[in-house]
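Comments concern the structure below.
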Amino acid sequence: MTLGVLAVLAMAFVMFAGFWTDWLWYRSVGYSSVFTTTLWTKIGLFFVFGLIMAAAVGVNIWLAHRLRPPLSAMSMEQQSLDRYRMAIAPYKKWLLIGITALVGLIAGASAAGQWRTWLMWVNGVPFHQKDPQFHLDVSFFAFDLPWYRFLLGFGFAAAVLSVIAAALTHYLYGGLRITSPGGRATAAATGHLSVLIGIFVALKAVAYWLDRYGLAVKSSDFKATGNWTGLRYVDANAYLPAKTILFCIAVICALLFFATLWRRTWQLPVIGFGLMVLSAILIGGLYPAIVQKFQVQPNEQAKEAPYVEKNLEATRKAYDIGGTDVKKYPGVSSTQDTTKLRGPATDAASFRLLDPNIVSPTFQQLQQMKAYYGFPSNLDVDRYKDKDGKEQDTVIGLRELDLDGVQKNNWINDHFRYTHGYGVVAAKGTDAKGSGEPVFTESDLPSKGSLPPYEQRIYYGEKTTQYSIVGGPQKEIDYSDDSGEKTTSYKGKSGVNLSNPLNRAAYAVSFGEPQMLYSGAIGEGSRILYNRTPKERVEAVAPWLTIDGDAYPAVVDGKIQWIVDAYTTTNGYPYASRTTLGDTTADSLTAKNNQRAVVAQQNQVNYIRNSVKATVDAYTGDVKLYEWDTKDPVLKTWRKAFPDTVKDKSEISPALMDHLRYPQDLFKVQRELLTRYHVKDADTFLSGSEVWEVPSDPTNQTSSAVPPYYLSMKMPGAKQQDFSLTTTFVPNKRNNLSAFMAVNADARSPDYGKMQILKMPTDRTVDGPKLVQSQFNSDKDIAEQIRLLKGGDSEVDYGNLLTVPLDGGLLYVEPVYVKGGGLKYPLLKRVLVTYGDKIAFESTLEKALNVVFGTEGATPVEPPDKPGSGEKDKPDKPKPPTSDNPALQKAIDDAQKAIDDGKEALKNDDWEEYGKAQERLQEALERAEDAQPKKKSDKGGDGSG
């Protein structure tokens, strides 16, 4: 008995620990109202529907027992049942309680899972848009219909369970007979079961009526378009009247079942039920098939066109693509003298040569500093001002904690000593050093550069998945410099206090860490930090949002803030085609990274809005939700359900607004829809002649879609560059270009979210990304240079293939990276550029543009940095300068030796040694600069010379 009591107490404490730690966490982040609202909603639904189901089943069991006939063991059947009746007689009460409790628990748990459906129904606000068939507000389909369907399903379950329970009870106590001669059922059993079956049939009538509205959000396969949502000709002209007729038949059939209370015979209800089943087959199945075969198929395009137009309009509204500006674009420049385009080419875009999806290993190699720091596999693109105050595209990453680099992993090191990352690393997106390394604008440890002062410690990040215990007796490793290891103690208010013994016990149980109970490393002031990735935190405080796959960091008002885009969605927008988020947001990068965030969600939606911008403080973990789409009725509904959790848009600070951008996952969903929904007339849509597809990524060997790219560029007719998100389209199953698409991604711009599509002509072909890449690869001179770059065991990586409209044509720019020898990190070595039929492969973008546009200073395509074929062809080797300064002379001699070593390495195609020589050269030149004496400025001050 003692062991049993202890076991029960232990299980109870385990359940309590999960509840208690959740409550403590929500309270620590300031969103306790989310926890309590969700909890009380689940509890309310659990008890209400659990009690209803228990009462329905229990009352019918009790009623069947009450209506039992006087027992008389006149048949073998009744005699065999006597044993069971006698066995359960002493436990009838407890058996009834047990059965009703079991079905009540199951039903209550099922109902508790519908808390979102309930909150949307009870808080729903109108869309102020009506569906074209029933002329009801869209909110009926998005908020009301799902709840009605749940109630209907619950009613069916209650009716079926009640019929089964009542029938078994009647059989056990003689009200129903199977093998006995004479009547098969008593009058009481007949009346009881008839009423229950009548209730089931009445619910079926309600189902037929709701099915009429369900046609507006029904998905089906449509040969002309694939996935289809909404009514088609056969639905409006066959299924809809059929559902109405079946509703009437079901109502009559239900009344016949109820009539057995007086007639005491099954004859009419059984006939009525048989007619209902037959009608369902003939009217609900066969008749629509005949209409489809003999009315629709012979003239499908004409019959379906009105319904396609409804689908086109609804889909464009639901995905917010109705305002997309589609313009014709020639695809070929009409300018004969291409030298005139050299200037406009520079102004057309800030060509981002630093590919954030490739250079993470370079950041890791050059800026990791310590093995226990790391960068995400894909860096981010943002906009920051340089020292001159000019805004530029910047590749940015955080130096986050990576426990795999800790020399000795143990509980203290992993959770107490190594707790946080340190500092931002940023580089110019449009430039690189001569060696191919990024031009860092923020670097070193602690980080310093062009950014204003900010809190550099990173306790919350994309790679920070483990819990840490901070603020207590145990000091944390902060960072190391030349003076040695520095320690710190967390000063933020984040996390949950572990000074309370109850809290320690609860977390010890929840995390399976008994050491928390007795460890001396935990004491006064200790706080536990967990749920530390931006995605986890936003999902927890706003479980009604769908989170974008790519959170990105920004330095805002002296803090590192993670910016997270979040979406409101619904699956109930009438006539709008559905899309599966997991499939639509997948591309070559998500495949490489094993699918991120929203990619992992396979739920179907047919309405989406980027309604919320969220931030997570990298030091304190504070989560803030800001309203972004002020007109979204789904967000308004959730704000009613969870008041005071989402701040008004007006509270977004200007500093934060500078870094907000159009989200990638939303753009990927919209571009996928626009492959078909860029057309506006039903005939073209049905013919399929204008179907596009997103091309596969030409820079790798996978068939995954090319990712969209952030780029500051100038669209045709624009006066200045805008920070944009771009993509391309190709015809279905072909590789020539169909269209180029860009959306204004700058949240500060009045044109934010404006989509533009440049549609290529159909009477001639324009090369798409794959054909352009093929041209690069097939050019003999370029192929030879690529072969030289691959000398030794070097590898060549192609960066993002950027597409930019220019004077009616398309300018393609692609950086080429080399991983030289043992240095397995990519360095920018060449730039590929093509425009029209001209191709260039040069060491810098400037040179490549000069070659393509034939301007002065152009250089011919030839092997890079290749020495002449013989010493006789070379001019005399210039002598290096000399100096009386020993330090300066030593630096000059080292620089000359590095140059000579580099040339020798080139002769031998030894790219690993060449890379090392370039590094030694850079280091020697820096020493030479430092060794030069400083000159006085003309004004008497010290100048830089």
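The values are calculated or read from the model by the stated rules, or taken from the named source; none is laboratory data. In this text the structure is predicted, and so the values were computed from the model without any measurement. Note that we place each Cβ from the backbone using ideal geometry, even for glycine, and neighbour counts take in every protein chain shown.
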> Applying the selection to the range 282-308, what residues are among the acidic types (Asp, Glu) and within 18 Å of residue 240 (Cβ to Cβ)?
Replying inline: 304
>> Return the residues of the range 800-826 that are modelled with pLDDT under 90 and touching an Asp or Glu at 6+ places or on another chain (Cβ under 6 Å); say none if nothing qualifies.
In response: 819, 820, 821, 822
>> Can you confirm whether residue 669 is outside any helix (DSSP H, G or I) and either surrounded by 21 or more Cβ atoms within 10 Å (Cβ to Cβ) or not small (Gly, Ala, Ser) (or both)?
In response: no
> Consider residue 442 against the criteria (1) under 30 Å from residue 512 (Cα atoms); (2) in contact with a Leu (Cβ under 6 Å, 6 or more places away or on another chain): it satisfies all of them except one. Which criterion is unmet?
Replying inline: (1)
>> What's the total number of residues in the range 444-499 that are assigned to a strand (DSSP E or B) and either among the β-branched types (Val, Ile, Thr) or touching a helix residue (DSSP H, G or I) at 6+ places or on another chain (Cβ under 8 Å) (or both)?
In response: 10
> Which residue, of 168, 119, is out of contact with any Asp or Glu (no Cβ under 9 Å at 6 or more places or on another chain) and surrounded by fewer than 15 Cβ atoms within 10 Å (Cβ to Cβ)?
Replying inline: 168
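Scan the range 252-301 for residues that are among the charged types (D, E, K, R) and under 43 Å from the mean Cα position of the chain (by Cα) and report the count. Working first, answer last.
Kept after step one, since they are among the charged types (D, E, K, R), are these residues of the range 252-301: 263-264, 293, 300.
Pick out the ones that are also under 43 Å from the mean Cα position of the chain (by Cα) and you get 293, 300.
Residues that pass the stated criteria total 2.
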> When residues of the range 199-250 are filtered for being in contact (Cβ under 8 Å) with a residue 24 or more places away in the chain and among the basic types (Lys, Arg), how many remain?
Replying inline: 4
>> Just the residues that are touching a residue at least 60 places away in the same chain (Cβ under 8 Å) and either surrounded by 21 or more Cβ atoms within 10 Å (Cβ to Cβ) or under 14 Å from residue 325 (Cβ atoms) (or both), please, taken from the range 711-723.
In response: 711, 712, 713, 715, 716, 723
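For the range 109-130, give me the residue count where each residue is within 21 Å of residue 47 (Cβ to Cβ) and over 27 Å from the mean Cα position of the chain (by Cα).
4
Would you call residue 781 acidic (Asp, Glu) and either within 27 Å of the chain's Cα centre (by Cα) or not in a helix (DSSP H, G or I) (or both)?
On the way: acidic (Asp, Glu): yes; either within 27 Å of the chain's Cα centre (by Cα) or not in a helix (DSSP H, G or I) (or both): no.
The answer is no for residue 781.
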>> Quick check on residue 462: is it of a type outside the set (Gly, Ala, Ser) and surrounded by fewer than 20 Cβ atoms within 10 Å (Cβ to Cβ)?
In response: no
>> Can you pull out every residue in the range 753-773 that is assigned to a helix (DSSP H, G or I) and touching a residue at least 60 places away in the same chain (Cβ under 8 Å)?
In response: 769, 770, 772, 773
> Within the range 267-290, can you find the residues that are surrounded by fewer than 18 Cβ atoms within 10 Å (Cβ to Cβ) and within 21 Å of residue 176 (Cα to Cα)?
Replying inline: 267, 268, 270, 271
> Filtering the range 368-405 down to residues that are among the basic types (Lys, Arg) and not in a strand (DSSP E or B), which residue is farthest from residue 419 (Cα to Cα)?
Replying inline: 390
>> Looking at the structure I just gave you, is residue 741 at pLDDT 95 or above, surrounded by 15 or more Cβ atoms within 10 Å (Cβ to Cβ) and of a type outside the set (Val, Ile, Thr)?
In response: yes
>> If residue 429 meets every condition in (1) crowded, with 19+ Cβ neighbours inside 10 Å; (2) closer than 27 Å to residue 531 by Cβ; (3) in contact with a strand residue (DSSP E or B) (Cβ under 6 Å, 6 or more places away or on another chain) apart from one, which number is that one?
In response: (2)
